[in-house]
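*Asks:* Please find one structure pasted underneath; my questions will follow.
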Amino acid sequence: MSTKIKQANIKTNTEERPPVVAILGHIDHGKTTLLDYIRKTDIAARESGGITQHIGAYEIIHTTSDGRTKKITFIDTPGHEAFSQMRSRGARVADIAILVVAADEGVKPQTLEALEHIQKSGATLVVALNKMDRPEAKPERVKQQLAEKSVLLEGWGGTVPNHEISAKTGKGVAELLDLILLVSELEELRADPTASASGVIIEAHKDPRRGITATLLVKEGTIAVGDCLVAGTAAGKVKSMADANGGALEQATFSAPVAITGFDALPAVGDAFSVVPDKRAAEEKARAASLAHVVPAPGGRAPDGKKILAVILKADVTGTREALEQMIAGIVHDEVVVQLVKSDTGEVNEGDIALAKQFGAMIAAFKTKVPGMIAKLAASSGVRILEADVIYGLVDRIKEECAQLLAPQVTRTDIGTLSVLALFKTSPTGMIVGGKVTKGKAEKGVKADVRRGGTTIFVGKISQLQHNKKDVSDVELGRECGMMITPVGPLPPGATIAVGDELTMFAEEMRRQTIA
């Protein structure tokens, strides 16, 4: 490429922009604690089960060791395994991804999963060796483990930036932020503040008072109150805007996380948004996107013959809803499938009850309200509502509902064998025979295969059992007895018991199946 052409492609309006940083790693390795220390807040204590279950973006101002002040935007991605999709999106929108690894525990399966997301996203990798305050911390062992996965840190023959920290005490955190800014400068991150704003939806939910509120991460340009925008199937006009701390804004530029109101529908987490000239253009783009978004309606059975558990999913926020959708899609069984009739955020309402009744669906409500009147309407309509505030608890309950649709597992135990010596009565409803127990024992109430020449003619049940003309519950090996055999199900044409037939008696235990 010629120098002249190169110069023509350079955007003269671009400016240096703050880095967007994602924090990823194994659960309980200190991701949220690190962000807490940086933000001086306590997120994890307010989360059900101590697990971060939402995704958010936060902007800080850091003073470097040489006295400069720089902005950094952090994306906090959940650590529980259910949020693989959200973590993946967090890495994709980030310029830099911090892989947090606890120095006392080392590399875990979820560490490797997070590493894979980072590598696929193209974000620059920085490794934070956390929990260095613990006496059992072994950072060299972690570096060796990463090297075995072809992640070579600086000082270990590689180029991956890394730093040892304690998110609990704060030791090394300031130096880690310095390192982030150094990496950012080397990446030469730039954007055009005069361009039409575009970026990514980080979070979205319905606020009872303000309507739909969405958290946006601006990647390019400047967004202002009054701008029209579109994200996937959602369109709108920015009515209000606030920064990460709730302060009102009139406009915001690149790398800034902002909360806005004004969408006419919930945008999906991870959707790209863009500012367009007017509301009509926004609605046309949203309408075009909606044509490709069709929710299948459940029938009696799936095309492959599986039984269907129809579910209406309601969650508190979009990010968690999508994580639940992913986990529900992972419920796989040979005989049953979960089909989402509807997936939405907000309170359970009358429309949900009507839809559930129409499709024979149950409602799975995660951390969202079920008003008293709605609960009564559900009860009178025969609609069941499952409520939970921990994501894997709700998924386990959906698995239990799936198991209820499965035929129970039957375990057969052979009890004994009887040789038929006499036939006293025969009819379609029952046959009275006499015989001798040649193996095991005979027992009242069990089933029996009526076999002739090694072939089963039909299956019956021993409804009566006598020994020496007295009713008994069982007859031991070698003894003779009389019994009434009642057919189980319709008799095949011409099927009857004859002298010389053999009865193989067995008991059955039925157990409800489970889904892992």
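*Asks:* Give me the accessible area per residue for the chain, probe 1.4 Å, as a whole number in Å².
*Replies:* 49 Å²
*Asks:* Could you give each residue of segment 241-257 its phi-based ³J(HN,Hα) in whole Hz, using Karplus coefficients 6.51, -1.76, 1.60 with θ = phi - 60°, and x for Gly or Pro?
*Replies:* Coupling constants for segment 241-257: 9, 9, 7, 5, 9, x, x, 5, 10, 9, 7, 8, 10, 3, 6, 8, x Hz.
*Asks:* Given a cut-off of 35 Å, what percent of all Cα-Cα pairs of the chain lie beyond it?
*Replies:* When every Cα pair of the chain is considered, 53 percent fall beyond 35 Å.
*Asks:* Relative contact order, percent, of the chain when contacts are C-alpha pairs under 8 Å separated by at least 6 residues?
*Replies:* Contact order relative to length: 10 percent.
*Asks:* Starting from the Cα-Cα distance between S65 and S240, subtract it from 0.36 nm times their residue separation and give me the gain in nm to one decimal.
*Replies:* Working it through step by step, the gained length comes to 59.3 nm.
*Asks:* Also: Can you compute the charge dipole magnitude of the chain about its Cα centre, using +1 on each Lys and Arg Cβ and -1 on each Asp and Glu Cβ, nothing else charged? Give it in debye, rounded to the nearest 20.
*Replies:* 1540 debye
*Asks:* Compute the angle between helix 279-290 and the longest alpha-carbon principal axis of the chain, please, reported from 0 to 90 degrees and rounded to the nearest 10.
*Replies:* 30 degrees
*Asks:* In addition: What is the gain in length, in nm to one decimal, between I331 and W156 on full extension, counting 0.36 nm per residue of separation less the C-alpha to C-alpha distance?
*Replies:* 58.8 nm
*Asks:* So how tilted is helix 173-187 from the main axis of the chain? Cα-based, degrees 0 to 90, rounded to 10.
*Replies:* Once rounded, the angle reads 80 degrees.
*Asks:* If you take every DSSP beta bridge fully contained in the chain, what fraction is antiparallel? Give it as a percent rounded to 5.
*Replies:* 70 percent
*Asks:* Still on this model: If you plug each phi of segment 197-205 into the Karplus form 6.51 cos²θ - 1.76 cosθ + 1.60 with θ = phi - 60°, what whole-Hz ³J(HN,Hα) values come out, in order, with x for Gly and Pro?
*Replies:* Here the 3J(HN,Hα) series is 5, 8, x, 9, 7, 9, 7, 7, 7 Hz.
*Asks:* So who's got an amide H within less than 5 Å of the one on I457, skipping anything under 5 residues away but keeping other chains? H placed 1.01 Å off N, in plane.
*Replies:* V450, R451, R452
*Asks:* Still on this structure, please answer the following. Considering only C-alpha atoms, what is the centroid distance from segment 126-144 to segment 244-275, in Å?
*Replies:* Segment 126-144 and segment 244-275 have Cα centres spaced 37 Å from each other.
*Asks:* Calculate, for E15 and E283, the FRET efficiency according to 1/(1 + (r/R0)^6) with r their C-beta to C-beta distance and R0 22 Å; round to the nearest 0.05.
*Replies:* 0.10
*Asks:* Quickly estimate the mean residue ellipticity at 222 nm for the chain, helices only: each DSSP H run with n ≥ 4 gives -39500 (n - 2.57), and the total goes over all residues, rounded to 500.
*Replies:* So the calculated ellipticity at 222 nm is -7000 deg cm²/dmol.
*Asks:* Can you tell me the mean projection area, over all orientations, of the convex hull of segment 104-205's alpha carbons? Units nm², please.
*Replies:* Its average projected convex-hull area is 9.3 nm².
*Asks:* Are any of the pairs K441/K470; K40/K120; K206/K314; K342/K367 more than 21 Å apart by Cα-Cα distance, and if so, which?
*Replies:* The answer is K40/K120.
*Asks:* For the chain, find the longest principal axis of its Cα atoms and tell me its angle to the long axis of helix 109-121, 0 to 90°, nearest 10.
*Replies:* For 109-121 against the chain, the angle is about 50 degrees.
The values are calculated or read from the model by the stated rules, or taken from the named source; none is laboratory data. Keep in mind that what you see is a predicted model, and the values were worked out from it rather than measured. Glycine also receives a Cβ, built like all others from the backbone with ideal geometry; neighbour counts cover every protein chain displayed. All accessible areas refer to the heavy atoms of the entire protein, side chains included, with ligands and DNA or RNA removed. Shrake-Rupley method; radii C 1.70, N 1.55, O 1.52, S 1.80 Å.
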